[in-house]
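The values are calculated or read from the model by the stated rules, or taken from the named source; none is laboratory data. None of these values were measured; they are calculated from a predicted model. Positions of Cβ are generated from backbone atoms using ideal geometry, with glycine treated the same way; all protein chains shown enter the neighbour counts.
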Amino acid sequence: MALLTVTGLVRRFGSLRAVDGLVLSVEPGQIHALIGPNGAGKTTAFNCISGFLAPTAGRIELDGCDVTGWPSHRLVSAGLSRTFQVTKVFDDISVRENVALGVRSRLRMNRRFWPGGAAVSAVTKICDEILDTVGLTARAQSAASELSHGERRVLEIAISLSVAPKLLMLDEPTAGMSAGDAGLIGRLVRQLARTTAVLLVEHDIDLVLGLSDRITVMAQGRAIATGTPEAVSRDAAVQEAYLGRSVDR
Ligand SMILES: Nc1ncnc2c1ncn2[C@@H]1O[C@H](COP(=O)(O)OP(=O)(O)O)[C@@H](O)[C@H]1O
Ligand SMILES: [Mg+2]
């Protein structure tokens, strides 16, 4: 069974159908990229799926549960976590404390399982694991403001992991990064996919082709192709959609 199933998703802005009948499904453990020309509706679809915009029509299922129209905080407790194109990090506190804030809110959601002091050591243990996973252990005590741009993006992913998502949604994780840092993010995403499915919007086509298990190409609010990187890059409709337009890369 698919982890995320989107059927007939529509989002209108006035008379404009920014998303116009999108069909998308993400399998457990897979890295799934959403690409397409500017204005195709990728961000709008992302916002609908993650509960930041109400869909006009359609159905969104997460792990077999109908979550259509759920607000983002409810989706987070259901296992869907996302990052934003513009990093949301608290500058004045340490890297570790940024992650701990997320972990504590996750434990609060399940507070009956974490009485008193057990919660404190649980937070410490989970923070350590997450920082180790993303490779920020050496920076744990640094103020977030001291991080490089690439490290901040990694911290944002670490914060998203604090809720132990089943589906991690990344909005342009390599935006504004050097090629070296982008490669780092690619390796991190590959590693994260061992424990969570990943849906990402990404403009770096080379990264997308090298990283993704499946790719959905959007144009004019719809999916015009879905498949492996090989199949999608051979697809005539995909080449047509990109032809003569500004290609997202
Ligand atoms: N809040 C909004 N109000 C009105 N139109 C919007 C809004 N957000 C996006 N759009 C329009 O919807 C279309 C799809 O936009 P978007 O989802 O941002 O595309 P993409 O992320 O693929 O570039 C565009 O024509 C855009 O101008
Ligand atoms: Mg966009």
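Assorted remarks:
- Residues located in region 163-183, provided they are modelled with pLDDT under 85 and under 17 Å from GLU129 (Cα atoms): VAL163
- In a residue-by-residue description of region 206-228, the property of being surrounded by fewer than 16 Cβ atoms within 10 Å (Cβ to Cβ) and part of a strand (DSSP E or B) applies to at least one position.
- Residue pairs whose Cβ atoms lie under 6 Å apart, separated by 6 or more positions or on different chains, with the first residue in region 89-110 and over 20 Å from GLY150 (Cα atoms) and the second of a type in the set (A, V, I, L, M) and not in a helix (DSSP H, G or I), are ARG106/VAL163.
- Each residue in region 38-71 was checked for being of a type outside the set (Ser, Thr, Tyr), within 10 Å of ligand 2 (Cβ to nearest atom) and in contact with a Gly (Cβ under 9 Å, 6 or more places away or on another chain), and 4 of them qualify.
- Residues (within 16 Å of ligand 1 (Cβ to nearest atom) and either surrounded by 22 or more Cβ atoms within 10 Å (Cβ to Cβ) or not assigned by TED's automatic domain parsing to the domain that holds MET177 (or both)) located in region 190-203: LEU199, LEU200, VAL201, GLU202
- Residue among LEU188, LEU199 that alone is under 19 Å from VAL154 (Cβ atoms) and touching a strand residue (DSSP E or B) at 6+ places or on another chain (Cβ under 9 Å): LEU199
- Remark: pairs (first residue in region 28-52, farther than 26 Å from GLN239 by Cα and in the same structural domain as GLY221 (by TED's automatic domain parsing); second residue part of a loop (DSSP other than H, G, I, E, B) and more than 12 Å from ligand 1 (Cβ to nearest atom); Cβ separation under 6 Å; 6+ apart in sequence or on different chains) = PRO28/LEU3; CYS48/PRO55; GLY51/TRP70; GLY51/PRO71.
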